[in-house]
Every structure is written in structure tokens, then in C-alpha cells.
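Chemist: For reference, the structure I am asking about is given below.
Readers should treat all values here as calculations from the given coordinates under stated rules, not as data from a laboratory. All of these numbers come straight from a predicted model, not from anything done at the bench. All Cβ positions, glycine included, derive from the backbone under ideal geometry; neighbour counts span all protein chains shown.
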Amino acid sequence: MTALYFDTSVSSEKVSSEKQQFRYYSRQILQRPSELQYHKWRVQVAMSFVENEPLQGALADMFYGCWYEMPIQGSSILAEVAGRLPPHIRQAFERYTKKQLYMKRISELATRWSVLVVPSFNVASHRLRTSSDDARQLATHISNILVELQTEGATEQIEKIEAEFFSHCIACVDRIAFSLVWFRLAKHGWQFDERWARCRQYLEQLPSENAG
């Protein structure tokens, strides 16, 4: 491998497992979203996971944060991880190497492991049931993204992500994620409009056996 290699400055004393290494680079990327080398190191760590979702999520963040590099380096990076990506996923990423498309904040290629981009909850692979662990991870991710966008004053993006989140909560009856996001945003003085109220009322009215 040439484009991807391990960060030797991250010793086993600092991070003792693949997940901890992944989280470490996730934090670095949140602070330096356009630093390509951090993305490469994170992708390399993701390659050690059995499941493909961390790798896909890391690549989605890379293609978003370093969009300007993808027409130049994107193809070689994808070639090195090609064996771990389903053909249709690789083809979807390849579109962003042609100088025609740019990864958006809400993307079908994002996963719950992404930190810069938000999963589109309307993709065909989205599960109609979520575990409590999935709900908590999603809640943390959505809360962080919304608070960050609030500080940037990105009202349009906030409304899009909120709408996607409401659709997810209703489709999956995800009371846990909704309640956690509500609680965390309330701490930041969030202004909950009627859309939030309607979604909350809908979830509260459903029978408890329908809860995800």
C-alpha cells in the first residue's frame, strides 16, 4: 500500500484497540475535517474491522471533508479498499472522483460511524427496527451535528437533518433516539418547533409494543 499507512505516533499506550483508534481519529477529523492524512489513517484502521460499515462511514467523511482532493486521489484510495466494498458502493463513491459531484452533508453513503456527514434515513438498506445501541449512537451523532450547525447558523441544513431524523423516528418507532436528542438539544437551548411537537406526540400515542 502506498496511499494508506499507519500513524506510528499513535502508540498502544494511547489507544489499545481498533475501536479506540477509530474514535481517536474521529475526534481529530472533527477538529481538522480537511486534513487528508487523518482520514487516511482512519480508513486504514477501519480496514481492520470485520464489518464494512466503519470503512464506508470513514470514506464518506473523507470524500466530504477533502472533496477538493478526491478528483486527484480518490480513485487510488478506492482501489486500495476495493476488496472491502460492495460493487455498488464503490461505484457510488467513484462518481465523486469525476469532478462532477461533491459529497453532501446528508448522504446515502454515510453510516452511523461517520462524524462529518449524516446518513440519509430513506435509503433502501435502512432497517425498520433499531436496537437500543443503534438508537444511542444515532442520537449522539445527530445531536453533535445539529449543535455544530447551530453555531454556524446553517438553518437550511438543520431543517433538512431534522426532517430526515423525524422520518427515521416515525418509520422505526425510535423513541429512544428521539428522547435522547430532545434532551441533549434542550441543554443547548434548542427551539423546538411544531414539527418536533408533532413527532413527539405521534411517538407517545403509539402502543408500547411498537417501540423499537
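Chemist: Tally Lys/Arg at +1 and Asp/Glu at -1 over every other residue whose Cβ is under 13 Å from the Cβ of Cys66; what's the total? Working shown, then result.
Modeler: Details: positive: Arg32, Lys40, Arg42; negative: Glu35, Asp61, Glu69.
Taking every Cβ under 13 Å from that of Cys66, the sum is 0.
Chemist: While we're here: So how do 86-95, 66-75 stack up, highest first, on mean other-Cβ count within 10 Å? Mind showing how you got there, number by number?
Modeler: Values: 86-95: 13.9, 66-75: 16.6.
Ranked by mean Cβ neighbours within 10 Å, highest first: 66-75, 86-95.
Chemist: Treating the beta-carbon of each Lys and Arg as +1 and of each Asp and Glu as -1, no other charges, what is the dipole magnitude of region 1-120 about its Cα centre, to the nearest 20 debye?
Modeler: Details: 15 positive and 11 negative charges, 58 e Å.
The dipole of region 1-120 has a size of about 280 debye.
Chemist: Efficiency by 1/(1 + (r/R0)^6): what FRET value for Arg195 and Lys99, r their Cβ-Cβ distance, R0 = 41 Å, to the nearest 0.05?
Modeler: Values: r = 37 Å, r/R0 = 0.90.
FRET efficiency, Arg195 to Lys99: 0.65.
Chemist: I've got another one for you. Given R₀ = 30 Å, what would the calculated FRET efficiency be for Arg32 paired with Gln91, taking r from the Cβ atoms and rounding to 0.05?
Modeler: Working: r = 29 Å, r/R0 = 0.97.
Efficiency, rounded to the nearest 0.05: 0.55.
Chemist: How far apart, in nanometres, would the label points at Thr155 and Lys187 be if each is projected 7 angstrom from Cα along the Cα-to-Cβ direction?
Modeler: 2.7 nm
Chemist: Which net charge results for the neighbourhood of Val50, defined as the other residues with beta-carbon distances under 11 angstrom from its beta-carbon, given Lys and Arg at +1 and Asp and Glu at -1? Write down the numbers at each step before the final one.
Modeler: On the way: positive: Arg84; negative: Glu18, Glu51, Glu53.
Value of the local net charge: -2.
Chemist: Neighbour counts of other C-beta atoms within 10 Å: give me Phe63, Phe192 arranged from fewest to most. Could you put the intermediate results ahead of the total?
Modeler: On the way: Phe63 27, Phe192 13.
In order of increasing Cβ crowding within 10 Å: Phe192, Phe63.
Chemist: How much length is gained on full extension from Ser75 to Thr140, taking 0.36 nm per residue of separation minus their Cα-Cα distance? Mind showing how you got there, number by number?
Modeler: Working: separation 65, 0.36 × 65 = 23.40 nm, distance 3.17 nm.
Fully extending the segment from Ser75 to Thr140 adds 20.2 nm.
Chemist: Just order 43-53, 103-113 by mean Cβ neighbour count inside 10 Å, highest at the front, would you?
Modeler: Working: 43-53: 17.2, 103-113: 20.1.
Ranking the peptides 43-53, 103-113 by packing returns 103-113, 43-53.
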